[in-house]
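Encoded as structure tokens, the structure appears first; notes follow it.
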Amino acid sequence: MARVLISMPERFLDEIDQVAGNENRSRSELIREALRTYMYRNQVRDTQKASRNAEILDALLG
């Protein structure tokens, strides 16, 4: 598995560690899930936008 080095405020990292600890999982696991969720939401949003654009185009072209 590849490793990535990121920078963030200590306070934010403390919050991440607290959530990970409360859920009995690693910091890496929590951050991977957060990124997967972010990417999925973007994909859904893009799909919805494309669908709306297609509907608009269809209405214009009749």
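The values are calculated or read from the model by the stated rules, or taken from the named source; none is laboratory data. Bear in mind that the values here come from a model prediction, so they are computed numbers and not experimental data. Methodologically, a virtual Cβ is constructed for each residue, glycine included, from the backbone with ideal geometry; neighbour enumeration extends over all protein chains shown. In case anyone asks, the SASA skips ligands and DNA or RNA and just uses the protein heavy atoms, side chains included. Shrake-Rupley method; radii C 1.70, N 1.55, O 1.52, S 1.80 Å.
Rolling a 1.4 Å probe over the heavy atoms of the protein chains gives the chain an accessible area of 96 Å² per residue. The packing ranking of peptides 54-61, 18-25, highest mean first, is 18-25, 54-61, where packing means the average number of other beta carbon atoms within 10 angstrom of each residue.
For R11, R27, write out the residues from largest to smallest accessible area, computed with a 1.4 angstrom probe and no ligands counted.
Accessible-area ranking of R11, R27, largest first: R11, R27.
Selection among Y40, I6, V19 by position relative to the dipole of segment 1-42 gives Y40 as farthest towards the positive end (Cβ unit charges, Cα centre). Can you send over the carbon and sulfur percentage of the accessible area for the chain, probe radius 1.4 Å, protein chains only? The computed percentage sits at 54. Were the residues from I56 through E23 laid out at 0.36 nm apart, the gain over their Cα-Cα distance would be 7.5 nm.
In the chain, the C-alpha radius of gyration followed by the widest Cα-Cα span (Dmax) gives 18.8, 56 angstrom.
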